[in-house]
Every structure is written in C-alpha cells, then in structure tokens.
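The values are calculated or read from the model by the stated rules, or taken from the named source; none is laboratory data. In this text, all values refer to a predicted model and were calculated from it rather than measured experimentally. Note: ideal-geometry Cβ built from the backbone for every residue, glycine included; neighbour counts use all protein chains shown. Accessible surface is based on the protein model in full, side chains and every heavy atom, while ligands, DNA and RNA are left aside. Shrake-Rupley method; radii C 1.70, N 1.55, O 1.52, S 1.80 Å.
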Amino acid sequence: MSPSFGRGAMTNSWSDLQNAEVFLIAGSNCAENHPIAMKWINRAKEKGAKMIVVDPRFTRTASKADLFAQIRPGTDIAYLGAIINYIIENQLYDRNYVLNYTNALLKVAKDYKFEDGVFSGYDAKSRKYAVTSWGYQLGSDNKPLKADSLEDPDSVFSKLKTHYSRYTFETAEKITGIPAVKIKQIADTFCEGKPGTILYALGMTQHTTGTQGIRAYAVIQLLLGNIGKAGGGINALRGEPNVQGSTDMANLFNNLPGYLPHPINTDQSIRDYQVRNGSVQEKPLVALLKAWFGEHARKDNDFAFSYLPKINPSVNASMVKLFEMMDKGQFKLAFNFGSNSLVSIPNRQLVRSALTKLDMLVVSDLFEVETAQFWREPGVKPADINTEVIMFPAAFVYEKDGTLTNSSRWIQWKNAALKPLGEAKPDLEILDSLFKRIRKLYDGSTDAKDAPILNARWDYGEEASALKVLQELNGYDETNGKLTQSLADYLKASVGTVSTGCWIYAGVTGNGNLAARRKNSDSTGLGLYKDWSFAWPGNIRILYNRASCDEKGQPVDDKRKLIWWDAANNVWSGNDGPDVVDKTKGPDTPEGKQSFRMNPEGAGRLFAANYMSGLPVVPSADGLPAIGVRPAGLCVDGPMPEFYEPTESPTDNLLHPKVSKSPVALILSSSPEIQKMGKANDFPHVLTTYGVVEHFCAGGITRNIPWLNELMPEPFAELSKNLAQKIGIKEGDMVEVSSARGKVTVRALVTDRLQTYKVNGKETETIGMPWSWGFASLSPGPSTNELTIAALDPGAGTPEYKVCLVNVRRA
Ligand SMILES: Nc1nc2c(c(=O)[nH]1)N[C@H]1C(S)=C(S)[C@@H](COP(=O)(O)OP(=O)(O)OC[C@H]3O[C@@H](n4cnc5c(=O)[nH]c(N)nc54)[C@H](O)[C@@H]3O)O[C@H]1N2
Ligand SMILES: Nc1nc2c(c(=O)[nH]1)N[C@H]1C(S)=C(S)[C@@H](COP(=O)(O)OP(=O)(O)OC[C@H]3O[C@@H](n4cnc5c(=O)[nH]c(N)nc54)[C@H](O)[C@@H]3O)O[C@H]1N2
Ligand SMILES: [Mo]
C-alpha cells in the first residue's frame with residue numbers, strides 16, 4: 001500500500017462543493033491534482049460563489065480565482081492567525097454557533113500557559129510536551145466548568161483572543177510576503193460568504209506544522225459556524241486513489257482499523273486499554289478481535305487481546321522513520337507494496353542507504369519501479385549490494401474486484417473488467433496465498449507466540465473474495481452468523497456479540513452490497529446522492545450536520561436543509577442521515593444538543609483540550625485506575641495553532657526568534673552524514689515541490705505511458721524572472737539545484753508564476769520543482785527528493801516536502 005501521510009477526510013463531499021458561497025483553496029492545486037473537484041467548484045461559481053486561492057505559485061487553480069495571494073511556503077498559520085484575530089476583534093463570528101456548538105465557554109486549566117513560543121509542559125530534553133496542563137478546570141462532577149460569558153478571562157474564547165492578538169495583518173505580511181491589505185481582503189471575502197468551505201491538500205499538510213495548519217482551519221470554520229453545513233466544512237482533497245480506504249484500514253502506524261488507538265506496551269488487558277482510551281473503545285476493539293480471531297476471542301481470554309501486537313508509544317514508526325530504522329539495521333525484510341519509496345520518500349540518500357541494509361526486499365508493483373531496482377541505479381555497484389530483491393507483479397485496479405473509498409468517505413465497489421496480464425495477481429490473492437503458506441509453516445506449533453497466526457479467522461474462500469473481505473469489515477452478529485444490518489444495529493449490540501473489521505464500515509454490506517449502489521438521482525438538489533455507494537459512518541454525507549440546525553433543531557439555512565427535529569414524530573429526520581447521538585433524543589435533551597458527538601465535550605474544539613469525559617467522581621473500591629467514557633483527540637504540538645518557521649528557513653521567527661522552529665518537530669538526525677542541514681547563507685532560496693497533471697506521484701505508471709511523457713517529458717525548476725536575471729539564466733537553460741543533502745540538474749522554466757517577495761523586508765525567492773521522476777522507466781529523470789529534508793510533523797509523521805533551502809546556478 002502507498003504511504004499515507006496523515007489522516008483526514010472531507011467533512012462534506014465532492015458534490016457538496018456546489019453548495020458553497022465562498023471557497024478558500026489554500027494548499028491544493030485541485031485543477032491539476034483533483035480535476036473532478038473543479039466541476040463542482042465551477043457549478044458554485046456559476047451561481048456566484050467567490051474563490052480565494054493562496055499558493056506560493058500562480059497555478060491553474062489560481063487562474064480561476066477571484067482573489068489570489070502568493071505566499072511564502074510554510075507560513076500559512078501566520079496569515080490564518082491574523083484572520084482569526086480579525087474575526088474575534090470585529091465580532092464577525094457566529095455568536096449562536098460559538099456559544100452552543102463549540103467549547104468557547106469552557107474554562108481552561110489555571111496552569112495552562114503560552115510564553116515565548118512555547119506551551120506549558122515542554123521538556124527540552126525529549127523535545128516533547130506533557131499535555132496535562134492543556135486541560136479544563138473541572139467541577140466536582142469531573143465536568144469542565146462553564147464560564148458565564150465569552151469575556152471570562154479563563155474561557156477558551158478569551159485564551160483564543162489573547163493568543164491571536166499578536167497576529168496582526170502587518171506582522172502576517174512580514175512573515176508570509178502577502179500584503180496586509182490582501183490578507184484583509186481574504187478575511188472579508190471569506191467572512192462575508194456563508195456558507196464557506198476550505199479545501200486543502202499537500203500545500204498545508206507537508207510541513208512540520210501541518211496538523212496545526214489544519215487546526216487553524218478548524219478554528220476559523222467553527223468561529224464562522226461553517227461546520228456541519230451544506231457548502232461548508234473543511235475538505236481534505238486526499239491523494240492516492242484509495243488513500244482514504246487505506247487510512248480507514250489503519251495504514252497508519254498508531255491506529256487499528258476504524259481509527260482505534262493502537263494498544264501500547266503497557267496495556268496488559270482490555271481494561272488497561274480502556275483506562276487510556278475510554279469505555280467507548282471497548283466495543284469496537286472487541287468487535288475487531290472477534291473479526292480477526294472468531295471463536296478464539298472469548299470473554300474468558302480477554303477476547304484474545306494478548307494476540308495483538310503492542311506498540312511502544314515513545315517510538316514514532318511512521319513511514320519515513322521506518323527507513324531510518326531500516327538504515328540502522330533494525331529490519332531484515334521489508335515488503336514494499338504499491339509504493340515507489342526510492343522516488344517518493346524525502347532525502348533519497350536515506351532510502352538508498354536503508355535498502356542496502358536489508359536481507360530481503362519484496363516489491364509488489366505493476367512495473368519494475370526504481371525501488372525494485374535500487375541496486376541498478378547509476379553509480380551503484382550491484383556487487384556491493386547483499387539485499388535479495390523479489391518482485392511480485394501486481395494486477396491493476398481494473399483487473400480486480402473491490403472497493404475504493406474516496407475523500408467523501410464514499411465506499412465504492414467495482415467489478416474486475418479485465419483479466420490480469422501475464423503472471424500479475426491482485427494484491428489480495430498475493431497476501432492470501434502468502435498467509436496460507438506461512439500458516440502451514442506453523443502447523444502443529446504449541447508456542448504461545450504462534451497462536452495469533454494459527455488462530456486467525458481467515459475465511460475468504462479458496463480464491464480470496466474481495467466481497468468476503470468487505471463483509472468482514474461490515475461485521476456479523478456473532479450469535480447467529482448473520483451480517484450486521486446497519487451501524488445502528490452494531491451500536492445496539494452488546495460487547496462481544498458482534499464483530500466488525502472496521503466499525504465505521506458497519507452497514508456497508510448489511511442489506512446487500514450498498515457500496516455497489518449507483519443511483520444518481522438526488523431529490524434534495526444538494527448533491528447528497530444518498531443511494532450512490534455508501535458513506536461511512538452510517539451513510540451520513542455531511543458530518544456534524546446537527547450543527548446545521550438551531551437550538552430548536554430546525555435548519556438555519558432554508559436553502560440548504562440537511563436534517564431537522566420532527567417534533568410530531570419525536571425523531572431526527574432529514575435529507576441526510578442525522579449525525580446525532582440518538583435519533584429519538586430531541587434538541588431539549590443533553591444528547592440532542594451535541595453537535596460533535598465524537599468529542600468528549602460534544603462540541604467543536606477551538607482549544608484542543610486534554611479531557612476525558614465520564615470519569616467517575618468516587619474512585620473505585622478495588623483501587624484500580626478509573627475508566628472514563630471518551631478521551632479527546634490531542635495535538636502533540638499544542639492546543640492552539642502557533643506559527644513556527646519551517647525546519648530550513650530563510651529567516652528567524654518574527655513572533656519569537658528564540659523559538660524559531662516547532663520545538664517538537666521530528667527531524668531525522670541519527671545519521672548526520674546522510675541528513676545534513678542547510679543554512680540560508682549557503683542556500684538562500686526556498687524550494688517547494690508539487691505534482692503535475694500529466695504524471696502521477698512517483699511516476700511508476702505514468703512515466704511508462706508514452707503520450708504522457710510526450711506532454712511532460714522531463715523535470716524542471718521554475719524560477720522567477722528576477723532570479724533568472726540575477727543568475728544569468730534564460731528559459732530552457734540547464735541549472736543545478738542543490739541543497740545540503742544533494743543536487744540535481746534540470747531545465748529552467750523562467751516564469752511569472754513565481755514572483756520575488758519580501759520576508760521581513762528582505763527579497764526572497766521560491767523555486768518550484770515537480771517531483772515525479774526517477775532513474776528507471778521509459779522517461780527517466782533526476783528525482784527532486786534528492787534535495788528534500790526528512791523533517792516530520794510530530795503528530796502525523798508527514799514530511800516537510802513543501803519547504804527546504806536550496807541554491808541554484810547555471811549547470
Ligand atoms: N495528476 C495528478 N493527480 C494527483 C497526483 C499526481 O501526482 N498527479 N497526486 C495525488 C496525491 S497522492 C495527492 S496527495 C494529491 C495532492 O494534491 P495537491 O496537494 O493539490 O498537490 P501538490 O501539487 O503537491 O500541492 C498543492 C499546492 O500546494 C502549494 N503549496 C506548497 N507549499 C504551500 C504552502 O506552504 N502553503 C500553501 N497555501 N500552498 C502551498 C503548491 O504550490 C501546490 O500548488 O493529488 C493527487 N492527485
Ligand atoms: N518531493 C515530494 N515528494 C513527495 C510528495 C510531494 O509532494 N513532494 N508527495 C508525497 C505523497 S502525498 C505521496 S502519497 C507519496 C506517494 O509515493 P508512492 O506511493 O511511493 O508513489 P506512487 O507513484 O503513487 O506509488 C504507487 C505505486 O503503486 C503501483 N501500483 C498501482 N496500482 C497498484 C496495485 O493495485 N497494486 C500494487 N501492488 N501496486 C500498484 C504503481 O505502479 C506505483 O509504482 O509521495 C510523497 N512524496
Ligand atoms: Mo498523497
């Protein structure tokens with residue numbers, strides 16, 4: 001599977017984009033990378049919607065914008081912070097929404113602090129935060145205390161106000177290079193159009209502050225009351241064709257399927273697991289164990305909890321870190337399925353070195369991509385490489401049954417249309433036969449550590465059936481072996497009586513294969529398409545849609561009615577599936593008020609507080625640690641977004657020069673000879689890397705398609721006219737672009753799309769390079785990741801591909 005850099009999904013959907021009045025597209029070039037998005041954006045524009053684009057380059061998406069701002073890569077939080085400040089100072093927020101649907105009134109713990117660029121709880125030695133002080137003041141019932149007014153100095157709202165008061169338009173201009181008047185224009189345009197939506201992708205996530213950038217979006221959208229509404233939300237335009245499905249299935253090192261937290265090495269039992277993760281996680285965890293181990297997961301053996309691997313929480317094992325571990329010789333064998341790591345991972349020196357340390361590398365791909373032939377890279381001597389490489393030719397998407405889950409969380413089934421070529425096989429078949437053969441090798445073993453393999457429920461048929469896999473994800477009533485009919489049935493079932501391989505998929509094949517539905521009529525006119533495939537969870541198309549209603553449960557927007565409280569029948573009903581705790585609990589009940597039921601506060605979080613709901617007031621008599629109900633999702637780098645400079649940056653942080661970069665960013669440093677750091681004196685320009693419409697990611701497929709190679713034959717470096725003139729370069733000349741880690745020679749593209757800008761008064765340049773090339777294929781070319789830096793977002797593990805320092809000269 002492809003690496004999945006971070007998680008997320010659309011709160012809304014592709015087809016919902018037509019309902020927006022204003023778009024902030026910042027960190028996405030959807031015209032090239034998500035062309036279908038543009039269809040729905042254009043529909044909204046035809047109805048008069050405004051479009052704002054913020055990007056370091058004037059892209060094809062920007063060419064359709066009403067308002068375009070060129071930004072220095074990695075500085076978004078500075079202008080977003082200024083917008084938050086402006087919204088608060090000028091009372092442009094949706095007061096009702098903020099009071100009823102966010103945690104604005106809750107009182108923040110007295111020991112919470114933010115000083116000189118650092119939040120309370122920082123430990124400089126481990127470069128980590130203890131999050132204990134980021135909590136609430138709790139009452140005697142263990143619930144957060146609520147302030148009487150937003151002005152209470154302890155309220156979340158006041159903390160937010162104080163925190164962002166430092167972010168003026170003028171300061172943001174000095175940091176980002178966007179003129180202050182333009183930032184104000186962005187703020188006014190976005191605040192005036194309701195509903196407004198925000199679209200993002202890699203331009204926001206591929207930074208050491210990626211998670212916090214998206215948190216800044218959440219703060220703005222909650223203040224403006226734009227979440228839970230048709231035409232609103234925060235929409236992650238995700239990448240790889242099934243990347244949404246892959247993260248749903250736990251292609252993230254610290255999750256189990258359905259975004260369950262992974263058990264850690266101190267969890268001896270499901271009880272321990274619940275102490276950390278709340279009682280809400282008991283059912284999905286047990287249901288998962290039932291799906292994986294069937295009758296071997298019983299109450300009397302703690303549902304086979306001991307079979308699950310446990311992770312060490314102090315080790316970050318995200319994609320890039322795996323290569324660092326590989327380089328240190330921690331693995332003998334690596335499976336590289338559906339990913340061309342030697343081209344796609346930052347700082348290729350690291351990957352190149354790591355692969356040589358393996359005894360065996362197994363690659364499954366359609367083509368013999370660079371990773372599969374790393375031992376043949378020009379300059380590498382095959383005789384020096386001891387790694388044995390095995391290649392599994394894989395069948396392509398059209399050659400197999402199965403589902404793809406899109407960014408709208410729609411699980412879409414398709415049938416195979418063609419037979420696989422040659423010896424190629426679907427990945428499911430490869431993994432199924434691999435597992436069956438491995439299990440045979442353990443036949444008869446009585447060793448406890450082999451029990452999970454011997455006792456796994458593995459029943460996808462003689463020839464593994466993708467439908468059976470989907471049915472396992474949907475889940476069964478384990479008392480009678482029937483498929484669970486709906487999410488509601490799963491939620492109603494008692495612990496241990498129901499299985500599901502991924503609880504958020506419950507209902508997908510309950511009543512027939514709903515993922516295969518293709519009804520494209522939509523009586524609502526809102527683009528909900530309820531009978532097209534199946535959206536998780538429970539076929540809800542727009543998440544948090546309770547927030548589209550007022551306190552009485554009636555839609556606030558007459559033109560975009562999603563759900564409502566039907567008082568005559570005592571039930572939540574509507575055009576969309578109601579995202580409520582219980583459909584029969586009305587707006588007057590505590591459950592019926594909750595607009596964000598997956599948060600322990602039941603409300604949207606302006607301040608990402610450390611909080612577990614439902615902690616008992618009296619300690620348990622048996623002296624065991626107490627179990628609460630639901631813990632809050634936390635950001636490891638702070639409860640509110642703060643601007644930090646990228647790891648390699650041309651300047652110091654204007655807000656706090658002593659803490660310039662994120663104090664908790666994960667910068668790979670165990671191999672200083674492989675990962676060198678550059679300074680602005682030697683490498684004065686900012687490099688940003690991006691995709692092009694003609695190629696796909698690491699190019700394994702597209703560089704083998706002649707007509708695409710004809711359209712986009714080689715990599716290049718985009719330079720402003722000003723910079724080109726300074727270094728004496730004309731369009732089409734060859735240039736050497738170098739960073740502290742490596743250099744490549746490519747053609748120069750001298751363009752108006754990049755302009756020189758000022759950072760704190762100093763002229764600064766961005767250089768742009770696509771990254772889809774490598775030494776193999778029909779159209780080889782230098783890999784841009786020769787230059788990039790392996791510095792990661794501490795929460796998501798996403799690399800800072802979008803910023804590093806480089807120099808450029810005539811080749
Ligand atoms: N044709 C095609 N389609 C694709 C892909 C492909 O390679 N080719 N890749 C797929 C994948 S896996 C993904 S993840 C998505 C990626 O989709 P996108 O995120 O749209 O892809 P990028 O081109 O990497 O980056 C988006 C934009 O972010 C801008 N940017 C860079 N730094 C910053 C910054 O600091 N702030 C802001 N505001 N903007 C910044 C870049 O200039 C670029 O225009 O596309 C998917 N779709
Ligand atoms: N500098 C820089 N680097 C980046 C990025 C960037 O913006 N800048 N973007 C990053 C992002 S967002 C991503 S997602 C990664 C992507 O990085 P990779 O996942 O390494 O790149 P892909 O080219 O998508 O690799 C997918 C491979 O899967 C193969 N494949 C396709 N279908 C199948 C199948 O059904 N089965 C199997 N077994 N193989 C199949 C394809 O031939 C291809 O070689 O790159 C990252 N790298
Ligand atoms: Mo991606």
Solvent-accessible area, 1.4 Å probe, carbon plus sulfur percent, for segment 657-810: 55 percent
Cα-based reach from Lys658 at 22 Å (exclusive), listing lysines while leaving out same-chain residues under 8 positions away: Lys113, Lys125, Lys128, Lys174, Lys676, Lys679, Lys758, Lys762
Prolate/oblate/rounded call for segment 15-241, Cα gyration tensor, a/c under 1.5 rounded: prolate
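Taking every DSSP beta bridge with both residues inside the chain, roughly what % is antiparallel (nearest 5)?
On the way: 48 of 89 bridges.
Taking every DSSP beta bridge with both residues in the chain, the antiparallel ones total about 55 percent.
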Distance (nanometres) between label positions extended 7 Å along Cα→Cβ at Lys758 and Lys113: 3.7 nm
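Taking only DSSP H segments of four or more residues, each worth -39500 (n - 2.57), what value at 222 nm results for the chain once the sum is divided by all its residues, to the nearest 500 deg cm²/dmol?
Numbers: 22 runs with 184 residues, N = 811.
Computed mean residue ellipticity for the chain: -6000 deg cm²/dmol.
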Cα centroid of segment 283-342 to Cα centroid of segment 744-763, whole Å: 44 Å
Cα gyration tensor shape of the chain, rounded if a/c is under 1.5, else prolate or oblate by comparing a/b with b/c: rounded
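Sort Val380, Val636 by heavy-atom solvent-accessible area, probe 1.4 angstrom, most to least. Present the calculation step by step, with values, prior to reporting the outcome.
Numbers: Val380 40, Val636 70 Å².
Reading off the accessible areas and sorting them downward yields Val636, Val380.
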Under 5 Å, built H, 5+ apart or other chain: amide partners of Phe534: Ile411
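Exceeding 19 Å between C-alpha atoms, which entries from my cross-link table qualify? They are Lys146/Lys552; Lys530/Lys561; Lys146/Lys194; Lys328/Lys743. Provide the component values of the computation, followed by the final result.
On the way: Lys146/Lys552 21 Å; Lys530/Lys561 14 Å; Lys146/Lys194 29 Å; Lys328/Lys743 24 Å.
Cα-Cα > 19 Å for Lys146/Lys552; Lys146/Lys194; Lys328/Lys743; rest within.
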Built amide H within the under 5 Å cut-off of Ala394, gap 5+: Asp365, Leu366, Lys425
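Find, among the trypsin sites (Lys or Arg not before Pro) in segment 661-751, those assigned to loop by DSSP (not H, G, I, E, B) with at most 16 other beta-carbon atoms within 10 angstrom. Intermediate values should be presented prior to the final figure.
Numbers: sites: Lys661, Lys676, Lys679, Arg703, Lys721, Lys726, Lys730, Arg741, Lys743, Arg747; in loops: Lys676, Lys679, Lys730, Arg741.
Of the trypsin sites (Lys or Arg not before Pro), the ones in loops of segment 661-751 whose Cβ has at most 16 other Cβ atoms within 10 Å are Lys676, Lys679, Lys730.
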Under Karplus coefficients 6.51, -1.76 and 1.60, residue-wise ³J(HN,Hα) of segment 70-87 in Hz, glycine/proline x: 8, 10, 6, x, x, 10, 3, 4, 5, 6, 5, x, 5, 5, 4, 4, 5, 4
Percentage of interatomic Cα-Cα distances in segment 510-591 larger than 18 Å: 43 percent
Of Lys419/Lys468; Lys39/Lys229; Lys283/Lys559; Lys321/Lys492, pairs whose Cα-Cα distance is over 29 Å: Lys283/Lys559; Lys321/Lys492
Carbon plus sulfur fraction of accessible area for segment 254-342, probe 1.4 Å, in percent: 54 percent
Distribution of pairwise C-alpha distances over segment 523-679, 10 Å bins, in %: 9, 23, 22, 19, 19, 8, 1, 0
Compactness of segment 657-810 - radius of gyration and Dmax, Cα, Å: 16.2, 52
Separation between Cα centres of segment 64-91 and segment 447-484, rounded to whole Å: 49 Å
Simple label model, 7 Å out from Cα along Cβ direction - Val617 to Lys658, nm: 4.4 nm
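Per residue, how much accessible surface does the chain expose to a 1.4 Å probe? Answer in Å², no decimals. Each step should come with its number before you reach the end.
On the way: 33250 Å² over 811 residues.
Here the residues of the chain average 41 Å² of exposed surface.
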Amide H within-cut-off set for Thr405, under 5 Å, with H built and near neighbours excluded: Gly245, Gln412
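List the longest stretch of the chain that has no exposed loop site; here a site is one of the GluC sites (Glu not before Pro) assigned by DSSP to anything other than H, G, I, E or B, with at most 11 other Cβ within 10 Å. Could you put the intermediate results ahead of the total?
Working: sites that count: Glu151, Glu423, Glu462, Glu463, Glu673.
In short, 152-422.
R0 = 56 Å: FRET efficiency of Lys726 with Lys47, Cβ-based, nearest 0.05? Present the calculation step by step, with values, prior to reporting the outcome.
On the way: r = 45 Å, r/R0 = 0.81.
For Lys726 and Lys47, the calculated efficiency is 0.80.
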Of all accessible heavy-atom area on segment 15-241, the percent that carbon and sulfur account for (1.4 Å): 50 percent
Potential extension, Lys414-Arg810 segment - 0.36 nm per residue separation minus Cα distance: 137.5 nm
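In nm, what is the difference between 0.36 nm times the number of residues separating Asp582 and Gln554 and their Cα-Cα distance?
Details: separation 28, 0.36 × 28 = 10.08 nm, distance 1.65 nm.
Between Asp582 and Gln554, full extension yields 8.4 nm more.
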